[in-house]
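Taking it in order: structure first as C-alpha cells, then the write-up.
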Amino acid sequence: MRSSIALLIASASAAVLIATPARAYDFRQLVKYSHQEYPTSSDFCDAWDTACKEYVPKDQSLKYGYSVCEPGDYHGKHAKTEAKVACVFLHNGDEHEPQSINHHIAAKVHATYLSDNDA
C-alpha cells in the first residue's frame, strides 16, 4: 500500500514538472569599457547599476527589474576592461515579461558590445 501511494505521488510530481514549462532568461552581454574612465571594475559596475536604476523608459508600463554587472569576460579574464552586464525592466512589473534595455545603458556608460546577443 505504501509503495502504491509513493508511486502515485512520484507520478503526479513528474506530471507537474513535465507540464510546467521552465523559463530561464539570461540577458547578460559582454561589454568593453574604458579603464581610464572607470579605473576599477567596481567603478564601472557602480555606474552601470546607477544608470540602470535611474533609466526612465518611454514605455510607462516598464518597471525596473534588476541590474547585473560581473567583471571579466566569460573566462574571468580582462576584469579591468570588460564585464558581463544586464539591465532588465519588467512589463507592468511582471517577472514573466522581462525586457533587456542593455543597449540604452551601454550607451549611457560608454560601453561597447563584444558579443552580439543584444547589440
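The values are calculated or read from the model by the stated rules, or taken from the named source; none is laboratory data. Note that the coordinates shown come from a computational prediction; the quantities given were computed from them, not determined experimentally. Neighbour counts run over all protein chains shown; Cβ positions are idealised from the backbone, glycine included.
Numbers for the structure displayed
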quantity: For Phe27: the one exception among (1) part of a helix (DSSP H, G or I); (2) at pLDDT below 95; calculated: (1)
quantity: Residues within region 53-74 that are assigned to a loop (DSSP other than H, G, I, E, B) and in contact with a Gly (Cβ under 6 Å, 6 or more places away or on another chain), tallied; calculated: 0
quantity: Residues satisfying the stated conditions in region 32-52, i.e. part of a helix (DSSP H, G or I), among the polar types (S, T, N, Q) and free of Cβ contacts under 8 Å to residues at least 40 places away in the same chain; calculated: Ser42, Thr50
quantity: Scope region 66-91; condition hydroxyl-bearing (Ser, Thr, Tyr) and either buried (at least 18 other Cβ atoms within 10 Å of the Cβ) or touching a residue at least 40 places away in the same chain (Cβ under 8 Å) (or both); matching residues; calculated: Ser67, Tyr74, Thr81
quantity: Some residue of region 92-106 being of a type outside the set (Asp, Glu), in contact (Cβ under 8 Å) with a residue 60 or more places away in the chain, in contact with a Phe, Trp or Tyr (Cβ under 6 Å, 6 or more places away or on another chain) and surrounded by 15 or more Cβ atoms within 10 Å (Cβ to Cβ); calculated: yes
quantity: Lone qualifier among Lys63, Lys84, Lys58 - being of a type in the set (Lys, Arg) and closer than 25 Å to Ser41 by Cα; calculated: Lys84
